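Notes to accompany the following structure.
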Ligand code: A2P
């Protein structure tokens, strides 16, 4: 599995298995088990996905050494602020049944972000998390919060796919050697993207699927990709994205698909309040 070095020296596998919206009715356990069997060594969950315990159980039951699996979880908004964040992390570790997570992210950039970040910095020092980062930070949001942090995040996990290539954010993060993680790299199953003619042409030329071309392209831009699937064939094929390289012309054709907007706008008024209202991780 190809890895990328983070700015704190930790190595992270370039493809992770995302479990957003996979229910906690045994489906997450089975999907993670299938992913680990297929060779994934990086699983991305969150407190607000409500499936950490199935992820942890699948990791444990896999028989793979803990240090060989990279596990990410995320602190939910409801647990922001310094004290709450400390408790939130303990709850995540309990639910996962793990002594540490490899990466812990602030899931959303609203509320007492600075207090929560301080708790993450301390957790890293205590060895409860190996790397720390943020999520859903646009250029404006990054510039609002991050200059006040003592420690630079290692990761910013954001929506990214060929229709939304995050050009401006990528160049900002590159300066500080911060890695971008792409959630919904396949456009969340968007047919216009997955069946796009340009991508289909490139995929045919390489004998690959459209999804494999998309993931290969995003990784070649420096992103860590988190494709999600509950289908065994697709779980496997989404990992098989190496062994071919897009030509300069193909890279340019992929770049031209960028519309510069995604489905989620973290800067839209009231987003933080809406998320907080709709996702409650505890009473
Ligand atoms: P399924 O679970 O049936 O495979 P994203 O990772 O961008 O959120 O996209 C996830 C969506 O894309 C899911 O609906 C998933 O459906 C679908 N998907 C995942 N992998 C592939 C693939 N290789 N080809 C087509 N659709 C895929």
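A few points about this structure:
- Within segment 30-70, the set of residues being farther than 21 Å from residue 181 by Cα and assigned to a loop (DSSP other than H, G, I, E, B) comprises 62, 63, 64, 65.
- Qualifying residue in segment 191-206 (condition: within 10 Å of the ligand (Cβ to nearest atom), surrounded by 14 or more Cβ atoms within 10 Å (Cβ to Cβ) and farther than 18 Å from residue 22 by Cβ): yes
- Some residue of segment 243-251 being within 15 Å of the ligand (Cβ to nearest atom) and at pLDDT 95 or above: no
- Only residues that are buried (at least 23 other Cβ atoms within 10 Å of the Cβ) and farther than 14 Å from residue 2 by Cα were counted across segment 227-238, and they come to 2.
- Screening segment 177-190 for residues that are assigned to a loop (DSSP other than H, G, I, E, B) and under 22 Å from residue 6 (Cβ atoms) and picking the one that is farthest from the ligand (Cβ to nearest atom) gives 177.
- A count restricted to segment 240-267 and to residues that are more than 20 Å from the chain's Cα centre (by Cα) and either part of a helix (DSSP H, G or I) or over 18 Å from residue 160 (Cβ atoms) (or both) stands at 12.
- Of all residue pairs spaced 6 or more apart or on separate chains, those with beta-carbon atoms under 8 Å, a first member in segment 178-204 that is farther than 21 Å from residue 253 by Cβ and a second member that is in a helix (DSSP H, G or I) are 179/173; 180/169; 180/170; 180/173.
- Taking residues in segment 231-259 that are without any contact (Cβ under 8 Å) to a residue 60 or more places away in the chain, and partners anywhere that are part of a helix (DSSP H, G or I) and more than 10 Å from the ligand (Cβ to nearest atom), the pairs with Cβ atoms closer than 6 Å and at least 6 places apart or on different chains are 244/206; 250/202; 253/198.
The values are calculated or read from the model by the stated rules, or taken from the named source; none is laboratory data. None of these values were measured; they are calculated from a predicted model. Using ideal geometry, Cβ is built from the backbone for each residue, glycine included, and neighbour counts are taken over all protein chains shown.
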